[in-house]
Structure formats: C-alpha cells, structure tokens
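Here the structure is laid out as structure tokens; the discussion comes afterwards.
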Amino acid sequence: MTDTRTPLVEMKNVSISFGGIHAVDNASIDLYPGEVVALLGHNGAGKSTLIKILSGAYKRDGGEILINGEPAEINNPRDAKKYGIETIYQTLAVADNVDAAANLYLGRELRTPWGTLDDVAMEAKTREVMGRLNPNFQRFKEPVKALSGGQRQSVAIARAILFNARILIMDEPTAALGPQETAQVGELIKQLKKEGIGIFLISHDIHDVFDLADRVSVMKNGQVVGHARTEDVTKDEVLGMIILGKVPPKAIPGPGAMQTA
Amino acid sequence: MADITTTAQANRARSASENPVKRFFRATEIDTRLLGMIGAMLIIWIGFNILSGGLFLTPRNLWNLSVQTASVAVMATGMVLVIVTRNIDLSVGSILGFVGMSMGVLQAELLPQLLGFNHPAIWVVTLLAGILLGAAIGALHGSIIAFLNVPSFIVTLGGLLVWRGATWFVTSGRTVAPMDSTFRLMGGGTEGSIGATASWVVGILACIAIVATIINSRKQRQRFGFPQRPMWAEYFLTAVGCALVLGAIAVVNSYPWPVAIARKYADANGIAWPDGGLFIPHGIAIPVLIAIVVGIVMTFISTRLRFGRYVFAIGGNQEAAELAGIKTRWVTVKIFALMGILCAIAAAISTARLNAATNAQGELDELYTIAAAVIGGTSLGGGMGTIAGAMLGALVMQSLQSGMVLVGIDTPFQRIVVGMVLVVAVWLDTVYRARAK
Ligand SMILES: Nc1ncnc2c1ncn2[C@@H]1O[C@H](COP(=O)(O)OP(=O)(O)O)[C@@H](O)[C@H]1O
Ligand SMILES: [Mg+2]
C-alpha cells in the first residue's frame, strides 16, 4: 500500500560503531506520513542508537538519511529539529533544575521584543499544552526534578509535540508509566497519527506496541532482522524475529535475518 | 474553567491548613536559605560588635566593609555561573593580578606618554583594555575546557600559576604607582564616593525600581490569569526592600569625611570652618556602586536572557541541554569569558583602592570568591545558585575578615577561620541538598 508514496523518512544502510562495537550495522528503516512503525528488539539491539542518529544526537559512520525523498544533512539535534523531527528520549533528557515551561522551550525560547525571555508567554502556552496532555498537572513553578515519573514523561512528550513535529520518535515512552498513563500515551499516539505525523515507536516489549503499530521493524545485534506489516504477522512470529532472528514468510528479511540455508 | 476554580479552591484549602510561618514564606516566595544566610550575617555583625566594644556597627566600619567587599562580590557573581555548570575557576585571583598589573602599566606608564598626564580618557581606555584582556584570558580558559575537554579544575589551576607568573613578567616584579587620578575614583575613598544628595537619589531610584518590578510582574501574571501573590505579601516585600535600601543609604550618609580632608576642602572652597567641624557625608562609595550595577546586570543576564537559562539547564543536565540543541561548548566559553571580564572589573577596583598595582594583588581571592558563591547558596552539585546570594556571601566573608582584624586576631588565625568556614559552608550545602531530595 505504501509503495506509491514517498516515505517521510528513509534511513539507508546506516552504520555506527563505538570503539569497535558495531552498535548499528547497515540498518535501513523507513516511515510514511500518518504511520506508526514499531522498532523492536532486545535491550542492546541498537534501537536507541539508530534513532539517535536520526535525531542528530550521534553522527553516523556511513549510510544516508532521506526526508521526503531528499538527502538530509543531520549533524546535530538542531538540524533534526529543522526537519520537524522531535524526539522523546529513553532517558527523557529533561533539565531537572528548571521548570516545565523552561523545559518545553529549551533551545527555542520565546522572547520579548527586547530579546529577554518571555516567561509568562511560555508558561501560558505550557499550561495550555499540559492541560491537554495531563489535565491534573499543576506544578508549573517547580523544577521538574520534584515531579513524578509520569509527570516528567508528560513534560518530555509535551516538548516533542509543542513545535508541530512531522516525525516523532518515542524511545520506550511508557517504560516509567503505570497502566493508566500508558493508555493515555496510546490515545495520544492515535491522535497524532490522525494528524498525519509519522511515529517511530521504540520498545523492547512487543505487547506495548503491537496494537498501535502499522508495521514493525525488528533489530538484533545492531542489524535489522526484518520488516513486516502488523496485519501480516502474529505476535509470536514477531517474538521469533526478536529472539531468534527468524523471519516469517510474509515479512521482508533484512541483513540481520537468520541464515536458513 | 471549572478546573481552574477547583484548583484555586484546593490551593486556598491548602494554605488554610498550613501553619502561619509556612504560609508566610510561600506567599512572599522568600528563599529560606537566603534568610538563613542573612541571619548568620547578623549574628556575625552583632558578635563582633560586642567583642570589639561597639566598633563594628559604626557607619565608618560598615562603609569600609562595603568598599572591601566590592571586588570579591563582583567576581563572585561570575563564579556562580561557573559553579552552576559544575565547573570551577581557581585562576580568578591571578587573572585579577595580571590584568591589574597590565592596567597599572598602561595608565601610569604607557598612556601618559601618548596622551599626556591625567588625560581624561586614560581611565576609560585603561578599563576597556583591561576588560578586553580579561575576556580574552577567560575565553582561552573556556575554550580549553570546552573544546579540548580538559577539566576546569586543571585548566584554571594551571591558570592560577601561569597568570601569577605572567604578572611578575609585566614589570619584573616592580610595583606600579600611582594610578591615574580619575581611575582612582573606582577604588572609593573620600573622593571616590558620591556624597549625600546623589546617594539619596540613588536610594529613591532603587525604591522606585522595586515598586515598578513588583507592579510589572503582577501585571504580567494578570495578563495570563496566573495565580498571584496575596496583596499583603506584595506590600510586605516592597516595604522591606525599600527600608533596607534607605537604611543602607542613611548609614553611608552618616559617615563624614575625615577632619583633615574636610578642612582642606573648606579652605579650597572658601567655606568658613564651623566650630563643631564640617560634616560632609561620604555617601555610597563608587566601587560599591559598581558592584551593585554588576550585580543587577548579572542577575538580568542569568534570569532574563537565554544565555542564563542555558547556563542553568546545562548545570541541571548537560546531556539534555545538548539534545535540546544548545551549543553547550560555546556557553562554557562565554561563561569563562564573562568571568574574565568580571576579574578585570575587580582588578580595576582593587588597584584603584590600593593606588598601586602589585605582584601579590588578588592572591587567595579565588578562595574568597568561591567561598562567597558557595556560602551564598551556589551548589557545587551544579544547577543552583543566585547572584544576590553570592554577593551576600561575599559580604559575610568580608564581615568575618574585617571583624577579626577589628578585634585583633592575627592573620594566620584569620586564614584558619576562613578555611574552616568554607568547609562548613560546603557541608551545609550537602546537608541542604540531601534534605531537599
Ligand atoms: N555512546 C555509546 N558509547 C559506547 N557504546 C554505546 C553507546 N551507545 C550505545 N552503545 C552500545 O551500543 C549497543 C546498542 O545500544 P542501544 O542502542 O542503547 O540499544 P537498545 O536501545 O536497543 O536497547 C549496546 O551494546 C551499547 O552498549
Ligand atoms: Mg534503548
């Protein structure tokens, strides 16, 4: 179904190594508008590293990134943001000692005509966005280190959606959350998908993401095992991909697929 | 809408159940840690006043205290930003020495040859050159720290030795004196004070500024319908702020010129010498005024500008700041360059006060500056600190120092006390942070 359109993101043959360890090895993944692609694999499979290349946190050793079919120059987080790529990192990456508004606008502060920080305007917008995401959130004046895990998570999510992202990367977004908050994130993902945003949803746990995803891409030992549409595979088959690298018939094998010959 | 009213009710319910002391601090948003420091300072002041038989709390001593505090207070404002990003600058005393010596040679030996003695431009040219030199040294340190990844502790420890050595080379160890007569005003003294009338004007302007700030922040919060401080808290803060300002002005205005200087002034201006002597108040000393302006500018930079926001964000979580797209290395370079500029301003104050540039100028100042920042609530764990706190910290350190001189404690013992106070201050910071968690 997707073949006729240009992918929103295409990462082709991307590699990176850290002192001899091939954290990501010749990996290719893609993402279309309004699509949720789950990136699955064990801890240490290279998922976070791969998407950190897309978000500009790491520089790739090889391969290319296309955005809307055009080669994209992504060398740092600022470049990625220019392409509308927003990221919720596994570590959340919030500045603990400043408040929610300062975190939402970190690096993109609103300023008055005199060049000073427009804190009230930022707080107002923050109250609006947080009100939509997490209506119970009231602690606007406190440094985020005083917040609970779920509240910090909503700050990180709010920051990612505040600037009209076209491509959203969520690295284990529900790892720190309870069941109710997890459901809330699920609702949010459906809503963003409707708005035409492409989402990479990363998890080491298939149960978290299978119902939300249109496609899955599985990684193992830094390599891509394969891709599949969720309607074409069962959870058990995907588990087989994750654990053994065994690619089911309806999936497209990648370089990391188990050699059956 | 319903949401807002229920939370407002919840807030009111919460404040009703709190005890009055807690409610007072929450409403006024007064930092209890800052208050603790003011308490400690008052104890030191009253203690020394008793021990010295009433010599400490006199206009004369307090005026001197303010002048002696100025140079370290200026540097402490920059040290806050350095420490907030989990760096340290051990070289500030040596930078002060080197820049001070360079400014000394420039104004006493080089510029007079070019422009003529006591040329009115000498002080500005000297000060600007010093500021540029300080900024360049700071930027050099910052670049090594940020781009070559050498820890700031090592870079500035090296700087401590390098710039002290370089100070010697400027004149081969010779003391340079006297300073340019206008430049000297930056050091205070009878001439370098602005007098009673101007001091009152400054005081009244400060009060107007306090009122304007409070009204403005109220208006801003009203514009977006945010919760406000209760009215009584606003009045309270305004009253305390203005009372402190006007009280300080009254003190510096009740310290008269020494008789000899007043008599010379009377003779020169054809004023008949009255029987009770001539009472000419000092008013605010120029170095103190400089320090206050530096404090205001630095507070503005650290709280109202993007740069300041980045400094604190980096201190909280450097990785998060980088991922947010902040150029953390450049911020580090800028912080150290700013620190260098402040060292140059401190050097101007200190050479002007001594009316000479010496080899030993600023020795141990790094410790007083760091101590001032830490005592003033800057956390060595990074991410936390205020400019006002650091300046108060400088005042506490200088109060201890001056008090000990006043009651006749020997220099070696003074050092022992200062050293112990520094350790205790850091220990208190650890305790405070552990409790805050
Ligand atoms: N900055 C780094 N330096 C060195 N090794 C790294 C770095 N980041 C990731 N790795 C290594 O790369 C591999 C993949 O890690 P990661 O991408 O975090 O896996 P995942 O997100 O799939 O759990 C791991 O072996 C990890 O140790
Ligand atoms: Mg990961």
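Rule-based calculations on the coordinates, nothing more; no lab input. Here the structure is a predicted model, which is why all the values come from computation and not from measurement. Glycine gets a Cβ as well: all are built from the backbone with ideal geometry, and neighbour counts include every protein chain shown.
Report note on the peptides B:386-394, B:326-334: ranked by the mean count of other C-beta atoms within 10 Å, highest first, their order is B:386-394, B:326-334. Distance from the C-alpha centroid of segment B:282-312 to that of segment B:400-417: 29 Å, rounded to the whole angstrom.
Positive end of the dipole of the protein assembly as shown (Cβ unit charges, origin at the Cα centre): among A:Leu168, A:Pro249, B:Val331, the Cα lying farthest that way belongs to B:Val331. Note on B:318-331: average number of Cβ atoms from other chains within 10 Å of each residue's Cβ is 5. Label sites at B:Lys219 and A:Glu128, each approximated as a point 7 angstrom past Cα along Cα to Cβ, lie 2.3 nm apart. Protection proxy ranking of B:361-369, B:75-83, by the mean of other Cβ atoms within 10 Å over each peptide's residues and highest first, is B:75-83, B:361-369.
Taken residue by residue and averaged, Cβ atoms of other chains lying within 10 Å of the Cβ of B:42-52 number 0.
For the cross-link pairs A:Lys220/B:Lys327; A:Lys125/A:Lys190; A:Lys12/A:Lys246; A:Lys145/A:Lys190; A:Lys125/B:Lys219, the ones whose C-alpha atoms lie over 25 Å apart are A:Lys220/B:Lys327; A:Lys145/A:Lys190. Stretching B:Asp31 away from B:Ile261 to a fully extended chain increases their span by 78.4 nm, per 0.36 nm per residue minus the current alpha-carbon distance. Taking the Cα centre of the protein assembly as shown as origin and assigning +1 to Lys and Arg Cβ atoms and -1 to Asp and Glu Cβ atoms, the resulting dipole is close to 980 debye. Close amide H pairs (under 5 Å, H built 1.01 Å from N) link A:Glu109 with no residue at least 5 positions away or on another chain. Put a dot 7 Å past the Cα of B:Phe300, heading toward its Cβ, do the same for B:Arg86, and the two dots end up 3.2 nm apart. In chain B, a dipole from Cβ-located charges (positive for Lys and Arg, negative for Asp and Glu) runs towards its positive end, and of B:Ala108, B:Leu342, B:Thr175 it is B:Leu342 whose Cα lies farthest in that direction.
Dipole magnitude for segment B:194-284: computed about the Cα centre from +1 point charges on Lys and Arg Cβ and -1 point charges on Asp and Glu Cβ, it is near 560 debye. Each residue of segment B:226-233 was assigned a 3J(HN,Hα) from its phi angle through the Karplus expression (A = 6.51, B = -1.76, C = 1.60, θ = phi - 60°), giving 7, x, 10, 6, x, 4, 4, 5 Hz with x at Gly and Pro. Computed over chain A with a Gaussian network model linking Cα atoms closer than 10 Å, the most mobile of A:Glu86, A:Glu64, A:Glu195 is A:Glu195. When only Cα pairs below 8 angstrom with a gap of at least 6 residues are kept, chain B shows a relative contact order of 33 percent.
Between the beta carbons of A:Lys250 and B:Lys327, assuming R0 = 51 Å, the FRET efficiency works out to 0.65 to the nearest 0.05. Each of A:His207, A:His227, B:His141 was scored by other Cβ atoms within 10 Å of its Cβ. Arranged with the fewest first, they read A:His207, A:His227, B:His141.
The residue among B:Ile208, B:Val374, B:Gly192 whose Cα reaches farthest toward the positive pole of the charge dipole of chain B, with charges on the beta-carbon of Lys, Arg, Asp and Glu, is B:Ile208. At a Förster radius of 45 Å, what calculated FRET efficiency corresponds to the Cβ-Cβ distance of A:Ile243 and A:Phe163, to the nearest 0.05? With a Förster radius of 45 Å, E is 0.75. Remark: mean inter-chain Cβ contacts per residue of A:74-83 equal 2, using a 10 Å Cβ-Cβ cutoff to other protein chain atoms. The string of couplings for segment A:197-205 from the Karplus curve (6.51, -1.76, 1.60, θ = phi - 60°) is 7, x, 10, 8, 10, 9, 7, 9, 10 Hz, one whole number per residue in order, with x for Gly and Pro.
With R₀ set to 25 Å, the beta-carbon distance separating B:Leu57 from B:Val423 gives a calculated FRET efficiency near 0.35.
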